[in-house]
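Shown next, in structure tokens, is the structure this report addresses.
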């Protein structure tokens, strides 16, 4: 199942060993994200290193491990969908994620960002949703 992963979920996986990190490693899902995500992560890198108390090398190794489970979508593949998405988004920083999700025909976006609930183009998944889909929890 192809899922677009929002930057906030990647940051959550970087900052703490958690359910988010476990879901990210689940083979049930094929995660994709726009190349813009790398820019956002680099903007917050020092803050994340402080929170995790990881060295530069340890942080880079964890980042590489996480991105072994995420395909990066180049701007050229989703750029022509950005204009189409502008009417649906109140936060312009979220446009690349939504456009990349549409471009890759992802089944939804994994995000805890409430702004994504405002759009109607893609389904929004939370950790609980993905745990249910993977069969790790049942209700």
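The values are calculated or read from the model by the stated rules, or taken from the named source; none is laboratory data. These figures come from a predicted structure and were not determined experimentally. Here the Cβ is made from the backbone with ideal geometry for all residues, glycine too, and neighbour counts use every protein chain on show.
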Return yes when residue 33 is closer than 25 Å to residue 136 by Cα and modelled with pLDDT of 90 or more and no when it is not.
yes
Enumeration of residues in segment 102-139 that are more than 16 Å from residue 7 (Cα to Cα), touching a helix residue (DSSP H, G or I) at 6+ places or on another chain (Cβ under 8 Å), assigned to a helix (DSSP H, G or I) and modelled with pLDDT under 95:
102, 134
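So, of the residues in segment 1-13 that are under 20 Å from residue 49 (Cα atoms) and in contact with a helix residue (DSSP H, G or I) (Cβ under 6 Å, 6 or more places away or on another chain), which turns out to be surrounded by the most Cβ atoms within 10 Å (Cβ to Cβ)? Outline the logic, then answer.
Restricting attention to segment 1-13, the residues satisfying the condition of being under 20 Å from residue 49 (Cα atoms) are 6-13.
Checking which are in contact with a helix residue (DSSP H, G or I) (Cβ under 6 Å, 6 or more places away or on another chain) leaves us with 6-7, 9, 12-13.
Working: 6: 26, 7: 23, 9: 28, 12: 18, 13: 24.
My answer is 9.
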Checking 51, 16, 45, 83 in turn, the sole residue that is without any contact (Cβ under 8 Å) to a residue 60 or more places away in the chain, surrounded by fewer than 17 Cβ atoms within 10 Å (Cβ to Cβ) and in contact with a helix residue (DSSP H, G or I) (Cβ under 6 Å, 6 or more places away or on another chain) turns out to be 51
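Looking at segment 19-32, which of its residues are outside any helix (DSSP H, G or I) and surrounded by 19 or more Cβ atoms within 10 Å (Cβ to Cβ)? Break it down into steps so the answer makes sense when it comes.
Step one: list which residues in segment 19-32 are outside any helix (DSSP H, G or I), which gives 25-32.
Within segment 19-32, 29, 31, 32 qualify.
Residues are listed down the side, and each one gets a yes or a no for (1) farther than 14 Å from residue 6 by Cβ; (2) modelled with pLDDT of 95 or more; (3) in contact with a strand residue (DSSP E or B) (Cβ under 9 Å, 6 or more places away or on another chain); (4) assigned to a helix (DSSP H, G or I):
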{"position": "62", "(1), (2), (3), (4)": "yes, no, no, yes"}
{"position": "81", "(1), (2), (3), (4)": "yes, no, no, yes"}
{"position": "84", "(1), (2), (3), (4)": "yes, no, no, yes"}
{"position": "90", "(1), (2), (3), (4)": "yes, no, no, no"}
{"position": "98", "(1), (2), (3), (4)": "no, no, yes, yes"}
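Just to verify a result, which residue in segment 64-74, among those that are part of a loop (DSSP other than H, G, I, E, B) and out of contact with any helix residue (DSSP H, G or I) (no Cβ under 8 Å at 6 or more places or on another chain), is nearest to residue 11 (Cα to Cα)? Can you show your working first?
From segment 64-74, those part of a loop (DSSP other than H, G, I, E, B) are 68-69, 74; that's our starting set.
Those still in the list that are out of contact with any helix residue (DSSP H, G or I) (no Cβ under 8 Å at 6 or more places or on another chain) too: 68, 74.
Values: 68: 15, 74: 20 Å.
Within segment 64-74, the match that is nearest to residue 11 (Cα to Cα) is 68.
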Can you find a residue in segment 100-115 that is exposed (fewer than 13 other Cβ atoms within 10 Å of the Cβ) and either more than 16 Å from the chain's Cα centre (by Cα) or at negative phi (or both)?
yes
Residue 77 in a loop (DSSP other than H, G, I, E, B) and either out of contact with any strand residue (DSSP E or B) (no Cβ under 7 Å at 6 or more places or on another chain) or under 14 Å from residue 2 (Cβ atoms) (or both)
no
Given the criterion under 14 Å from the mean Cα position of the chain (by Cα) and not in a strand (DSSP E or B), identify the matching residue among 40, 46.
40
